[in-house]
Amino acid sequence: MTWKQVFTSSVGKKLVMGFTGIFLILFLLVHVSLNACIWANDGGKMFNAGAHFMGANVVPRILEIGLFAGLILHIIQGLMLEFSNRSKRGVAYANNYGNKGSKWYSRSMGILGTLILLFLILHMSNFWFPNRSHQNFMLGEEIDLYAKMKTTFSELWVVIVYVLGCLSLGYHLAHGFQSAFKTMGVHNKKYNQILTSIGYGFSVIITVAFVMMPLSFYLGWLS
Amino acid sequence: MEHYNMNLTVKVWRQKNSKDKGGFVSYQVKDISSEMSFLEMIDVLNEKLIVEGGEPIAFDHDCREGICGQCSLYINGKPHGPWMANTTCQLHMRAFKDGDTIVVEPWRAGAFPVIKDLMVDRSAFDRIIQAGGYISVNTGNAVDGNSLPINKDHADASFAAAMCIGCGACVAACKNSSAMLFLSAKVSHLALLPQGEPERKSRVLNMVAQMDKEGFGACTNTGACEATCPKEISISNIARLNKEYLFSSLSSDK
Ligand code: HEM
Ligand code: SF4
Ligand code: FES
């Protein structure tokens, strides 16, 4: 079995989704922890110091390339799988309750992922792109990201889109977290039970934390 | 349980052959006993159709005792009908009441093309089995069964996986038309036993390759297969298949 055969098989493609998915989850953990510094409520001092460490240091910037590679792989593979899977039925059922026993969000990973992608385009054009272009895409001086958050989240429609984006992410993770471990071969009951619980907990915490960020600015809780 | 008779409307998918477009036809059936099986109800309908000079409805069945995996049918939107852990041949008419309309469709999957009416071609499963669902045994006298020590937990899990009758309901229910529950049952059944050891790596790799070739979709762990399986094959077998695949592909020689 050559590498090509492995990674173009249905199980191999799923493995790519699982590994990149876990990698993105690790990124979320870093992202949410760093952003939580806004709640120090010190006018953004702590947050901007953290953001500066990530943006002006060569190591996180190299990791950032890996993050993009992983994200792009996850998106392309995910959408290709979604389209391929949708093409496998041919004639649709006239009457269909065969989905019983599966959760709606487990059947909607492609749609939830697409919503996340749309959100990411807005999100990156709000923060990542202005900041990096200010740095000339090198390690140059950064913009005041805290102040940028404040102005961005003063508009209601932006806050609403962010809340919806984070909810999509939450449901994507509610299925994705535990599914990724099953894809990687964890079949033991005792691990699966614990991973499913951790997955639900993680999805809720990530969603609530990210939703509260734009809300905290919009509602004027942060100076 | 109280016995009763019922009159029903049965909406059946009729399709002359694999090329025909097909469509639903409604039939009235009268005086159906609640003690009949679902297939007996179709037998009664077919006899009526034959007497009237019509074409009887083609459907798959063999043992009619829930063990062969030949019966299929998507009944009122569910594979093998409304009962849990049940095959169509073991579905009884007491599941319905007088005046009901029952919609009957064939399994729908590109890899299971309709042959006629409610009959689909499930030979894709046979080819997946041929690709690796076997063990090598020397001919000669049968060896003493007790000479081969087998871990009890493994034996139990293997037997549970071996319950799969290859009916294809998992494919029919899955939104991706994925055959992973079926395949994982076959792979787990043999991977958990010492007899399956010699072909352990090549088996999983070849069977997955054949499954993909047949045009089934990829698994997204939704769990619809497990909920519909008449033999209650556990979805944890799919995770075991993934593990077998990962390790076999990493450690295979070529
Ligand atoms: C930070 C963002 C994201 C994270 C943390 C994430 C995480 C995950 C995880 C953990 C899985 C489960 C993998 C498995 O079942 O083995 C998954 C599956 C999936 N993701 Fe994402 N994802 C993200 C963004 C996206 C985006 C932007 C898209 C598409 C536009 C996408 C599309 C999909 C699809 C279609 C699946 C299901 C694939 C399958 O099970 O076959 N995801 N994701
Ligand atoms: S796993 Fe269950 S539903 Fe699928 S073929 Fe086997 S017995 Fe039928
Ligand atoms: S006819 Fe054999 S299982 Fe139903």
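The values are calculated or read from the model by the stated rules, or taken from the named source; none is laboratory data. What you see is a predicted model; the values in this text were computed from it and never measured. Don't worry about glycine lacking a Cβ; one is built from the backbone with ideal geometry, like all the others, and counts go over all protein chains shown. We work out accessible area using only protein heavy atoms, side chains counted, and drop any ligands, DNA or RNA first. Shrake-Rupley method; radii C 1.70, N 1.55, O 1.52, S 1.80 Å.
Within segment B:152-179, residues that are within 12 Å of chain A (Cβ to nearest Cβ) and outside any helix (DSSP H, G or I) sit with their Cβ atoms under 7 Å from residues that are within 16 Å of ligand 1 (Cβ to nearest atom) and modelled with pLDDT under 95, at 6+ positions apart or across chains, in these pairs: B:Lys175/A:Asn99. Identify the residue in segment B:86-102 that is within 16 Å of ligand 2 (Cβ to nearest atom) and touching a Pro at 6+ places or on another chain (Cβ under 6 Å) and, among all such residues, is farthest from the other protein chains (Cβ to nearest Cβ). Only one residue tops the list, namely B:Thr87.
Let's see how each residue does on (1) farther than 20 Å from A:Phe129 by Cβ; (2) touching a Ser or Thr at 6+ places or on another chain (Cβ under 8 Å); (3) of a type in the set (Val, Ile, Thr):
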residue	(1), (2), (3)
A:Thr8	yes, no, yes
A:Gly12	yes, yes, no
A:Ile22	yes, no, yes
A:His31	no, no, no
A:Gly43	yes, yes, no
A:Pro60	no, no, no
A:Gln77	yes, yes, no
A:Met80	yes, no, no
A:Ser84	yes, no, no
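May I ask you to verify whether B:Gly217 is touching a Ser or Thr at 6+ places or on another chain (Cβ under 7 Å), crowded, with 18+ Cβ neighbours inside 10 Å, of a type in the set (Gly, Ala, Ser) and within 29 Å of A:Thr2 (Cα to Cα)? Judged against the criteria, B:Gly217 is a match. Elements of the type helices (runs of 4 or more DSSP H) sitting completely within segment B:181-254 and holding at least 1 residues that are hydroxyl-bearing (Ser, Thr, Tyr) and under 17 Å from B:Ser158 (Cα atoms): these cover B:236-251. Across segment A:178-200, not a single residue is classified as modelled with pLDDT of 95 or more, closer than 26 Å to A:Phe47 by Cβ and open to solvent by less than 50 Å² (accessible area, probe 1.4 Å).
Conditions (1) surrounded by 20 or more Cβ atoms within 10 Å (Cβ to Cβ); (2) within 14 Å of another protein chain (Cβ to nearest Cβ), marked per residue:
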residue: A:Ser10; (1), (2): yes, yes
residue: A:Met17; (1), (2): yes, yes
residue: A:Gly21; (1), (2): yes, yes
residue: A:Val32; (1), (2): no, no
residue: A:Cys37; (1), (2): no, no
residue: A:Asn41; (1), (2): no, no
residue: A:Gly44; (1), (2): yes, no
residue: A:Ala49; (1), (2): no, no
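Residues in segment A:125-148 that are assigned to a helix (DSSP H, G or I) and in contact with a helix residue (DSSP H, G or I) (Cβ under 6 Å, 6 or more places away or on another chain) were compared, and the one that is nearest to A:Cys37 (Cα to Cα) is A:Tyr146. The residues of segment A:137-171 that are surrounded by 20 or more Cβ atoms within 10 Å (Cβ to Cβ) and aromatic (Phe, Trp, Tyr), listed by number, are A:Phe153, A:Tyr162, A:Tyr171.
Listed conditions (1) in a loop (DSSP other than H, G, I, E, B); (2) within 16 Å of ligand 2 (Cβ to nearest atom); (3) in contact with a Gly (Cβ under 9 Å, 6 or more places away or on another chain); (4) touching a residue at least 40 places away in the same chain (Cβ under 8 Å) are all met by B:Gly110, apart from (2). The single condition from (1) within 11 Å of chain A (Cβ to nearest Cβ); (2) closer than 24 Å to B:Gly81 by Cα that B:Ala124 fails is (1). Residue count for segment B:52-83 satisfying the condition of being within 15 Å of B:Ala172 (Cα to Cα), aliphatic (A, V, I, L, M) and within 14 Å of ligand 2 (Cβ to nearest atom): 1. Taking the residues in segment B:224-254 that are surrounded by fewer than 22 Cβ atoms within 10 Å (Cβ to Cβ) and at the interface with another protein chain (Cβ under 7 Å from one of its Cβ atoms) as candidates, determine which candidate is farthest from the chain's Cα centre (by Cα). Checking each candidate, the answer is B:Lys254. Residues in segment A:1-49 that are of a type in the set (Phe, Trp, Tyr) and either farther than 30 Å from B:Arg203 by Cα or free of Cβ contacts under 8 Å to residues at least 60 places away in the same chain (or both): A:Trp3, A:Phe7, A:Phe23, A:Phe27, A:Trp39, A:Phe47. Against the test of being within 14 Å of chain B (Cβ to nearest Cβ), part of a helix (DSSP H, G or I), surrounded by fewer than 16 Cβ atoms within 10 Å (Cβ to Cβ) and without any contact (Cβ under 8 Å) to a residue 40 or more places away in the chain, the options A:Ile121, A:Ile76, A:Ile111 yield a single qualifying residue, A:Ile111.
Selection of segment B:188-212 for residues being without any contact (Cβ under 8 Å) to a residue 12 or more places away in the chain and open to solvent by 50 Å² or more (accessible area, probe 1.4 Å) yields only B:Glu197.
Quick grid of which residues meet (1) under 24 Å from B:Ser184 (Cβ atoms); (2) within 16 Å of ligand 1 (Cβ to nearest atom); (3) exposed (fewer than 13 other Cβ atoms within 10 Å of the Cβ):
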| residue | (1), (2), (3) |
| --- | --- |
| B:Asn76 | no, no, no |
| B:Ile102 | no, no, no |
| B:Ala131 | yes, no, no |
| B:Ser136 | yes, no, yes |
| B:Lys152 | yes, no, yes |
| B:Ser158 | yes, no, no |
